[in-house]
Structure formats: structure tokens, C-alpha cells
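The values are calculated or read from the model by the stated rules, or taken from the named source; none is laboratory data. Values in this document were obtained by computation on a predicted structure and should not be read as measured data. Every residue, glycine as well, gets a Cβ built from its backbone with ideal geometry; the counts of neighbours run over all protein chains shown. These accessible areas exclude ligands, DNA and RNA; they are computed on the full protein's heavy atoms, side chains included. Shrake-Rupley method; radii C 1.70, N 1.55, O 1.52, S 1.80 Å.
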Amino acid sequence: MTSPLPSAAGSAMPPHVPETAFGVWFLQTPTWTVHVLERALKDLERLIPDRRASYPVVIDVGCGWGRSLPKLHQRFSPQRLIGIDVDPKMLDASRREVQQAGIANAEFVHCSSSALALPDNSVDLLFCHQTFHHLIDQEDAIREFFRVLKPGGIMLFAESTRRYIHSWIIRLLFRHPMEVQKTAGEYLALVRSAGFVVKPEAVSYPYLWWSREDLGILERWFGVKPAADREETLINLVAVKPAP
């Protein structure tokens, strides 16, 4: 299933900022898969209210290299698993990933996150992991996420905050639209403003070693605990589209 990319005519900016060569390499490493992706999924799973045995239609917005797709298939047993990305090269890589995993029911859609080529109320579970900080039109994207989810459907949202994206190490190694980055509180407010319900117990603020400017060295090597009043570097949340 492949849909054309919506036209960007008239737009002054691209829909997202492409990754650096280092970033493209890093997203394929075991460090990314184990310490970033898998940790986020485990954290998000425990936040899901009224967890179902299966979610019939599962989409990954910004599926990238496709490392998340076998994990989503295993955890949520979808009848339809859909990978979405603005980069056709990423979709090709994701196809190879699911083929190697023996997944036969995967589909792929080439479109922007701010103009999803999917019908209204058609998705049971939407996964968006470390994608939002690349997007220019974040408000449009979150409204699209709300539109395509069925009433009662859930969004698993895992994101790096402005504190992390603006840190020196990330500025050095990666590339992002710096003017749109948000704090954890601002991301939570953005999600709720689109109409989602996010209960306090469905939000997590992991302070993982890789999200710290010192890569956790002060705590791991010298036992210096992080400040309790720190500005959070990550936010994970589960949002629900309420029934009418």
C-alpha cells in the first residue's frame, strides 16, 4: 500500500529536517535499538490503560529503518501493520526489516506526518517514537494523529525535549529544527490541545544516561545523583482519543 506524498507547494519550509550522516548511522546501531527504542516501548507498555490483547490496525509514524515494526507486531498482534515515513529510502529499509522478520501483513505509506494518507477513525494504535522533534508542522501532525485514530484508540508518544535537543552533544552530532523544540510540559499540552486524554499516570519522564549532557558519567562513575528539580530530557506518554 503506497500513497503519494502530499504536495508541499506553497510551503516555505520542508515538513521535516533530515538527519545527519552520523544520525543515520546511529539509528542502525544496537545502542539505538536496545537503549532507546526497546526502553521506550517497555516504558510505554506499562502506561497503557485497559491494555487489549490485540490492536487490529497499528501504525508507526516515522518508521525510519523499521526496527520498531517487528517489536510492534510481537507486542500488539495487529491484523494490519502500517509503516509511515516521508523518506522513500526509509520505507525500503523498513520493508527489508519486516521481510527478514517474516511479517506478511505489513503495509507502507509514503506521506508526511502532517498529512497522513489514511482515512478518519481507521487506526487502533499509533506509535510515534523520536520523530516529532524532526517535524516542522507539529501542530498539524498531532491533529492528524487524532484524526486517524478510532474513538478509544491510543497513541504511544515518546519524545526528546528541548533540553536534550539543545544540548551541545546533540547540536554537534545531529540536525533538528531548533525553533520548534518543546519542553516536556509543552509536549503534554500540545497533545491534550488536540483533543487527546492523557491521565497523569500515563506519563513518564525517564532520565536515561544517553539523554544527559554528561552521558550519565557523573552518576555511574562518581555516584552524583541528578537534581530532583531538573528540566526533563525525555517524555513518554499514552494518549487516548475519547469516544464521542
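What the table shows:
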| read-out | value |
| --- | --- |
| Residues in the range 98-115 that a label on Gln28 would reach, taking backbone N under 20 Å of a point 7 Å out along Cα→Cβ | 98-102 |
| Average accessible surface area per residue within the chain, 1.4 Å rolling probe, Å² | 46 |
| Over the range 178-244, equivalent-ellipsoid semi-axes from the Cα gyration tensor in Å | 30, 13, 9 |
| Fraction of accessible area attributable to carbon and sulfur, the range 179-244 (%, probe 1.4 Å) | 61 |
| Value of Rg/Rh across the range 34-173 [Cα atoms, Kirkwood radius] | 0.95 |
| Ranked packing of 230-238, 114-122, 153-161, 54-62, most packed first, by mean Cβ within 10 Å | 153-161, 54-62, 230-238, 114-122 |
| DSSP bridge pairs, the chain: antiparallel proportion in percent, nearest 5 | 35 |
| Fraction of accessible area attributable to carbon and sulfur, the range 1-156 (%, probe 1.4 Å) | 54 |
| Which labelled figure in (1) 19.4; (2) 18.4; (3) 22.0 is Kirkwood radius over Cα pairs in Å, once derived from the coordinates | (2) |
